[in-house]
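See below for the structure under consideration.
The values are calculated or read from the model by the stated rules, or taken from the named source; none is laboratory data. All values reported here derive from a predicted model rather than from experimental measurement. So basically every Cβ, Gly included, is an ideal-geometry build from the backbone, and we count neighbours across all protein chains shown.
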Protein chains: 2
Amino acid sequence: MTKPQGLLIVYTGDGKGKTTAALGMVLRAWGRGMRVCVLQFLKDERGRWGEVLAAEKLGIAWHTLGTGFVWEPDQDAEARVRSQEAWRLAQAAIESGDYDLVVLDEFTYPLRFGWVDINEVLTWLAHERPSGVHVVITGRQAPDALIDQADLVTEMRNIKHPFDAGLAGQKGIEY
Amino acid sequence: MTKPQGLLIVYTGDGKGKTTAALGMVLRAWGRGMRVCVLQFLKDERGRWGEVLAAEKLGIAWHTLGTGFVWEPDQDAEARVRSQEAWRLAQAAIESGDYDLVVLDEFTYPLRFGWVDINEVLTWLAHERPSGVHVVITGRQAPDALIDQADLVTEMRNIKHPFDAGLAGQKGIEY
């Protein structure tokens, strides 16, 4: 029996639940005994999130790669270098044979801003990714070319957000 | 310090990722040491999913309550009785003091079909739910009244689904 082809899954849109859904996949895969790696391209200032704590407890590989991407153009040079380093780490994880599922959390941003070349990424995922490795990419504004190549794409739409009502994000729920 | 008010969170829409996002919240909350209960209103024929296996390993309370809801009108009477039993179990879990986060997975269906009275549910959640207990409700077609009352609502929109391309759901990824 040949190994089923790994899926390329994208969670995008401006609503809550993209990273959260990726975490749910992590939990489901872990429950099945699959080997999971999470690469986080965007570093949050709140430090160790609930998910990082959970991953540690579960023995899931978790790497925070981002610098806390800054959106201003004058940060472009550093963002570019760091994004490309992070993408090389992602490639290494995907082709290592150590993982069945690799999550590239918030990876749409470096693609959208051109810090990592999207054509290079898509060509590599199509031709160099070992068969059977599932890849999940999250983040707003997934580029069209990524959506075209993906097997499963869900857009999370914000219908109502607690920050709209002035409620602060709550520990263990939102982060 | 007063305990922060528990949030009412809804994941709806026809795209993939609703239950998956709820699972991600479960993992995040568990990572923070919160006490979690999942009540599954819709039973799947595939039996023990990755998430059920994971919950067992993590010591998370997990109850499958549904009968595999049937959509035909002639099943209405049984669906109504079972839905109301399930809702009473949900109430018991929420008010028990044993949990910080209670997930009502696929609970929109009994609400949408009127098997459980939505006004009764919303009134109870607003007035009888202990402060500090977060409730997550998933499922398609969340009723407007539920959306109105919720603190956070995300709609998952299906942009592309692997079944569209004839790929079967894969163990550990989709279930």
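Going through the stretch A:5-26 one residue at a time, which ones are over 15 Å from B:E174 (Cβ atoms) and small (G, A, S)? Walk me through it before giving the result.
Kept after step one, since they are over 15 Å from B:E174 (Cβ atoms), are these residues of the stretch A:5-26: A:12-20, A:23.
A:G13, A:G15, A:G17, listed by residue number.
So if I check each of A:I9, A:I94, which one is at pLDDT 90 or above and at the interface with chain B (Cβ under 10 Å from one of its Cβ atoms)?
Details: A:I94 fails: at the interface with chain B (Cβ under 10 Å from one of its Cβ atoms).
Within the list A:I9, A:I94, the selection yields A:I9.
Which of the residues spanning the stretch A:43-86 are under 20 Å from A:L8 (Cβ atoms), hydrophobic (A, V, I, L, M, F, W, C) and at pLDDT below 90?
Matches in the stretch A:43-86: A:L65 only.
Determine, yes or no, whether B:L89 is in a helix (DSSP H, G or I) and at pLDDT below 90. It would help to see each step written out before you state the result.
Numbers: in a helix (DSSP H, G or I): yes; at pLDDT below 90: no.
Here the answer is no, as B:L89 does not meet what is asked.
Out of (1) surrounded by 22 or more Cβ atoms within 10 Å (Cβ to Cβ); (2) among the hydrophobic types (A, V, I, L, M, F, W, C); (3) closer than 15 Å to B:G13 by Cα, the odd one out for B:I159 is which?
(1)
Criterion first (within 24 Å of A:I60 (Cβ to Cβ), of a type in the set (F, W, Y) and more than 11 Å from chain B (Cβ to nearest Cβ)) does A:W115 satisfy it? Show your work before the answer.
Values: within 24 Å of A:I60 (Cβ to Cβ): no; of a type in the set (F, W, Y): yes; more than 11 Å from chain B (Cβ to nearest Cβ): yes.
The answer is no for A:W115.
Which residues, taken from the stretch B:107-150, are small (G, A, S) and surrounded by fewer than 16 Cβ atoms within 10 Å (Cβ to Cβ)?
B:G114, B:A126, B:S131, B:G132, B:A145
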